[in-house]
Amino acid sequence: MSLFVLLALPFLGSFVAALLPTTARNLESLWAAGIAAAIAIPVALAFPEVRDGVVLTERLAWMPSLGIDLVLRLDGFAWMFAMLVSGMGLLVIIYARYYLSPDDPAARFYSLLLGFMGAMFGVVTAGNLIQLVVFWELTSVFSFLLIGYWTHRKDARRGARMAFTVTATGGLALLAGMLLLGHMVGSFELEAVLQSRERIVGHALYPVMLVLVLLGALTKSAQFPFQFWLPHAMTAPTPASAYLHSATMVKAGVFLMARLWPVLADTDLWFWIVGGAGAITLLLGAYAAMFQHDLKGLLAYSTISHLGLVTLLLGMNSPLAAVAAVFHMMNHATFKASLFMSVGIIDHETGTRDMRRLNGLYRHMPMTANLAIVACAAMAGVPLLNGFLSKEMFFAETVFVSASPAVEYGLPVIATIAGLFAVVYSLRFGHDVFFDEAPLETPRKPHEPVHWMRVPIELLVLACLVVGIFPELSIGPMLAAAAGPVVGGELPEYSLAIWHGFNTPLVMSLVAMLGGIAVYMRFGHRLKYRARRGTPVICLFDGRRIFEAVLTLCTAFARLMLRWFGTRRLQAQMLCLVVIAGLAGLASALIVPLAWGDRARVPVTPEFVVLWVLGGVCAIGAAWQAKFHRLAALTMLSVVGLVLCITFAWFSAPDLALTQLAVEVVTMVLFLLGLRWLPKRVEQDAPAVALRAWWRRRRDLLLAVAIGVGLAALSYALLTRNAPQSISPFFIEHALPQGGGTNIVNVMLVDFRAFDTLGEITVLGVVGVTVYALLRRFRPPREVIDRPAQQHVVPEGVWSDLMSREGENQVQRFLEVPAVLVRLLLPLAGVFAFHLFMRGHNEPGGGFVAGLVVAIAFIAQYMVSGTRWVETRMHLLPPKWIGVGLMIALLTGAGAMAVGHPFLTTHTAHVELPLVGELHLPSAALFDLGVFSVVVGSTLLLLTAIAHQSLRARRRPADEHQHGEH
């Protein structure tokens, strides 16, 4: 099956899962399990090819002009992680079916889980550095949503925020590092990067690039000093913890380090940063795990420690150590995921995860206890289990490392101590919970779960046993296929035999095992029943406190800046923006002096001069009338907009003129609604206030004149210069043959620069939703919204003699006729918008202006009939307009890729229809339809939210409007 199909499956499954009813729990779980199986089976069947060293690659042209394509590559290492992502996801989905309670929104959980599966699959199969970063950040987004799945819990929200802040910040550093890496290689293709070691290591930017890349990797894998976020992420549902925090997300960092190991490793800087962070994390995580009373907290710190072990192995600059790192990634996923699921069963059946309240569960849950004990033994490195094999390889690498004496003697000691700690916390889990005979104090009487809830654990524990007993037969070929790409293709000699004789690594294992048992026998009871608030070492490296202190400092700094520079007066904010823009323009003019060009001048047209004299007079009048009569000022300002529309038409730009006219109408309505927010004018007789107002007006006049003259000079300088390298001839020559249309402006928007347009409508949709979300909390009561809109859109100062109760009734009766006319106007506006839309590819028009026309028609309904009438009669749902529009635009681009063309490539067809004749059908029309839908939805959402605010302002007492500038 195609790799792109496999990548699209989980995202499609996530979308469908979100639409499934929450009550259909079996349907939801079966759907999610089917998607995971549909990915896992083809990936598993690809093993014979990747075992032979074949790299499966697929490419789709994305932006060929920039040299950026979508590339998916599956080698042995990516295959191993793809199996972890899909296979472990399948087991977690089966487990979650019985873990989630009937009150939990299961559809949302499976939707998020499948979305995360797709993001992680994209990370491990990415063949382009920028593509990898995009999916990397998607994993942070989906993990944030999964950690905060139980939104009613404060600790879940805080843990999700902390995890997202740390990992997303590391993702920004990773983006910068990948940009540098691509610059150093001359390509963002992973294949080219993996073949450019000498160029990368010898480059002057190598240290900066390496630090940035490692920041992304270390934050994602919770390595020192960023290890603090992972324990707080344990507020996620246990199935999410078993998936994200044992097998997939937290391994993304070590995956990236292993992926780039052939080109970034084997330098002193790599050794000290990666090896140092790994060694500290290994020891601190194991030490902290011994003191945890929450079972998931114990597993969280042990996960940190094991990830530190993998990081240390990758930092040792040894191919054999890299093989051991890959081996331990596989082993850790099996025993840690099974332990997380076991904890979920314990919590599910007893009602608590507190080890101080859990005792002697073996009598009540023997099957679960046996499975968890075996997994604990694998975590501790007991022989005949998979954890023992990779731990032995780790011990051997620390013994035979070649470095300074301090490192050569220190690493084996650190490894042995960490192994001792691992035995202690494994014994705490296995013995304290299942065999301690202290009184049982659980909220619910423990019992075994349904068998299918244990099936995933049984399969994982079976894997621990099979790999531990028959390593060469079971895991040998997979390990060779996965480790080969990490070490550059040529594997070092290694053995997966259970017995290597009595050697130093075995002695280290015995010391760790016996020492751990002795420590537990001596201090185990104290560790369980004498709670400690912290440990001296952990307090010294308490990243959570540092993180919260940094957030507090940032908040305090933001408040200080707000106090110094912030103001509720819009005029002061606009003054700052205009002054900064003016200074920037002045500085540019000083660096590159303005000079008039020798382009032939166009003769002055008296009619055009009269037009702009009228526009200038109206602009000055608007500024003057703003002091006395706001509605009059707004009317004059609209005349300036009309003059601008005529100017566009004068210079043969009908598209711009038509769009500007529609924008002027929307803007006028926006300003009319905004007048309700402005404070009432209060005359101030104090001399100081009058003097300040006099100075402010003169200052603003001088500033306006200066900025206006500067912009006029800049425009004149640009228009009088010859442009030998103008891009206009290209679009004029290629609009019809390549874009299939004669309207050059529309062809540019929906074809040549369609990617820019996609970004713009995305921003427009985000702005509309954001403004609505911000103003939604101020939404007025329903009884106010139900009233006709004409009672509250009348600006202040208009019809003031009709604002009594009798006056309002007169206005309502007066506007009944316009209400009927406006409702009749809607179908006419729809026909006109359809006309503009259909002619847009060859004549002035298009989706944007058609969307504005439809939005204006709907806004008119709001104005004369009220929000409630429109909602009940027309059922307008602006957010869905935005979502559908973006989906149409994306699917249009994806459709081009499906037939082998770059994203958003346009194809034009000419169809002969009876009685109609030849019909021009460009695929760009579908993209334009998406633009139309987003414009309608965003405009309606913005103006509806602002109209609700105006309703609220109408209901406020007059004295609430006295603040602000008078």
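Just one of the listed residues (THR169, THR151) is in a helix (DSSP H, G or I), more than 17 Å from LEU260 (Cβ to Cβ) and β-branched (Val, Ile, Thr), and it is THR169. The set of residues in segment 629-673 being over 23 Å from VAL609 (Cα atoms) and among the polar types (S, T, N, Q) consists of THR659, THR667.
Considering each residue of segment 753-773 in turn, none proves to be of a type in the set (D, E, K, R), more than 19 Å from THR667 (Cβ to Cβ), at pLDDT below 85 and crowded, with 16+ Cβ neighbours inside 10 Å. Applying the condition of being surrounded by fewer than 24 Cβ atoms within 10 Å (Cβ to Cβ) and within 25 Å of the chain's Cα centre (by Cα) to segment 68-78 and asking which residue is farthest from ALA333 (Cα to Cα) yields ILE68. If the condition is being in contact (Cβ under 8 Å) with a residue 24 or more places away in the chain and either touching a strand residue (DSSP E or B) at 6+ places or on another chain (Cβ under 9 Å) or farther than 16 Å from LEU719 by Cβ (or both), then segment 590-626 contributes LEU611, LEU614, GLY615, CYS618, ALA623.
Tell me, please, whether a residue that is over 22 Å from VAL511 (Cα atoms), among the acidic types (Asp, Glu) and either assigned to a helix (DSSP H, G or I) or in the same structural domain as SER474 (by TED's automatic domain parsing) (or both) can be found in segment 340-349. There is at least one residue in segment 340-349 that is over 22 Å from VAL511 (Cα atoms), among the acidic types (Asp, Glu) and either assigned to a helix (DSSP H, G or I) or in the same structural domain as SER474 (by TED's automatic domain parsing) (or both).
Scanning segment 647-672 for residues that are in a helix (DSSP H, G or I), within 21 Å of THR605 (Cβ to Cβ) and within 43 Å of the chain's Cα centre (by Cα) gives THR647, PHE648, ALA649, PRO654, LEU656, ALA657, GLN660. Residues that are within 21 Å of LEU943 (Cβ to Cβ) and surrounded by 19 or more Cβ atoms within 10 Å (Cβ to Cβ): does segment 649-659 have at least one? Within segment 649-659, one or more residues are within 21 Å of LEU943 (Cβ to Cβ) and surrounded by 19 or more Cβ atoms within 10 Å (Cβ to Cβ). Taking segment 839-855 as the range and being at pLDDT 85 or above and in a helix (DSSP H, G or I) as the test, the residues that pass are GLY847, PHE848, VAL849, ALA850, GLY851, LEU852, VAL853, VAL854, ALA855.
Kindly indicate which of ALA288, ALA247, ALA337, ALA333 is within 30 Å of ARG454 (Cα to Cα), at pLDDT below 95, assigned by TED's automatic domain parsing to the domain that holds ILE130 and buried (at least 21 other Cβ atoms within 10 Å of the Cβ).
Details: ALA288 fails: assigned by TED's automatic domain parsing to the domain that holds ILE130; ALA337 fails: assigned by TED's automatic domain parsing to the domain that holds ILE130; ALA333 fails: assigned by TED's automatic domain parsing to the domain that holds ILE130.
Only one candidate passes the filter, namely ALA247.
Within segment 390-410, take every residue that is among the hydrophobic types (A, V, I, L, M, F, W, C) and either modelled with pLDDT under 90 or touching a Phe, Trp or Tyr at 6+ places or on another chain (Cβ under 7 Å) (or both) and give me the one that is nearest to ASP268 (Cα to Cα). Quick ask: steps written out before the conclusion?
Residues of segment 390-410 among the hydrophobic types (A, V, I, L, M, F, W, C): 393-396, 399-401, 403, 406-407.
From the residues that got through so far, the ones that are either modelled with pLDDT under 90 or touching a Phe, Trp or Tyr at 6+ places or on another chain (Cβ under 7 Å) (or both) too are 393, 399-401, 403, 406-407.
Numbers: MET393: 23, VAL399: 19, PHE400: 18, VAL401: 14, ALA403: 10, ALA406: 15, VAL407: 13 Å.
Result: ALA403.
Residues that are within 30 Å of CYS464 (Cα to Cα), modelled with pLDDT under 85 and of a type in the set (Phe, Trp, Tyr) were ranked within segment 498-545; the one that is surrounded by the most Cβ atoms within 10 Å (Cβ to Cβ) is PHE523. Taken together, the residues in segment 180-232 that are under 20 Å from the mean Cα position of the chain (by Cα) and among the small types (Gly, Ala, Ser) amount to 4. Scan segment 856-897 for residues that are at pLDDT 85 or above, surrounded by fewer than 17 Cβ atoms within 10 Å (Cβ to Cβ) and among the small types (Gly, Ala, Ser) and the total you get is 1.
In this structure, does GLY489 turn out to be of a type outside the set (Ser, Thr, Tyr), within 26 Å of THR125 (Cβ to Cβ) and touching a helix residue (DSSP H, G or I) at 6+ places or on another chain (Cβ under 6 Å)? If you could, list the steps in order and put the result at the bottom.
Working: of a type outside the set (Ser, Thr, Tyr): yes; within 26 Å of THR125 (Cβ to Cβ): yes; touching a helix residue (DSSP H, G or I) at 6+ places or on another chain (Cβ under 6 Å): no.
For GLY489, the condition - of a type outside the set (Ser, Thr, Tyr), within 26 Å of THR125 (Cβ to Cβ) and touching a helix residue (DSSP H, G or I) at 6+ places or on another chain (Cβ under 6 Å) - is not met.
Of MET341, MET365, MET330, MET355, which residue is of a type outside the set (Gly, Ala, Ser) and closer than 21 Å to GLY484 by Cβ? Spell out the reasoning first.
On the way: MET341 fails: closer than 21 Å to GLY484 by Cβ; MET365 fails: closer than 21 Å to GLY484 by Cβ; MET355 fails: closer than 21 Å to GLY484 by Cβ.
Being of a type outside the set (Gly, Ala, Ser) and closer than 21 Å to GLY484 by Cβ holds for just one of MET341, MET365, MET330, MET355, which is MET330.
Taken over segment 356-395, the criterion of being out of contact with any Gly (no Cβ under 9 Å at 6 or more places or on another chain) and not in a helix (DSSP H, G or I) is satisfied by ARG356, ARG357, LEU358, ASN359, GLY360, HIS364, MET365. Residues that are of a type in the set (Asp, Glu), crowded, with 16+ Cβ neighbours inside 10 Å and in the same structural domain as PHE327 (by TED's automatic domain parsing) are absent from segment 400-413.
Sort out which residues of segment 546-558 are at pLDDT 85 or above and not aliphatic (A, V, I, L, M), and write them in order of number. Give the derivation first.
At the first step, the residues of segment 546-558 found to be at pLDDT 85 or above are 552-558.
Passing the criteria: THR552, CYS554, THR555, PHE557.
State yes or no: is ARG157 part of a helix (DSSP H, G or I), without any contact (Cβ under 8 Å) to a residue 12 or more places away in the chain and farther than 22 Å from TRP270 by Cα?
Working: part of a helix (DSSP H, G or I): yes; without any contact (Cβ under 8 Å) to a residue 12 or more places away in the chain: yes; farther than 22 Å from TRP270 by Cα: yes.
Yes; evaluated as a whole, the condition is true for this residue.
With (1) loosely packed, with under 10 Cβ neighbours inside 10 Å; (2) part of a loop (DSSP other than H, G, I, E, B) as the list, and ARG599 as the residue in question, which single condition is left unmet? Unmet for ARG599, out of (1) loosely packed, with under 10 Cβ neighbours inside 10 Å; (2) part of a loop (DSSP other than H, G, I, E, B): (1).
The values are calculated or read from the model by the stated rules, or taken from the named source; none is laboratory data. What you are looking at is a predicted structure, and each value in this text was computed from that prediction instead of being measured. Cβ: placed from backbone, ideal geometry, glycine included. Neighbour counts: every protein chain shown.
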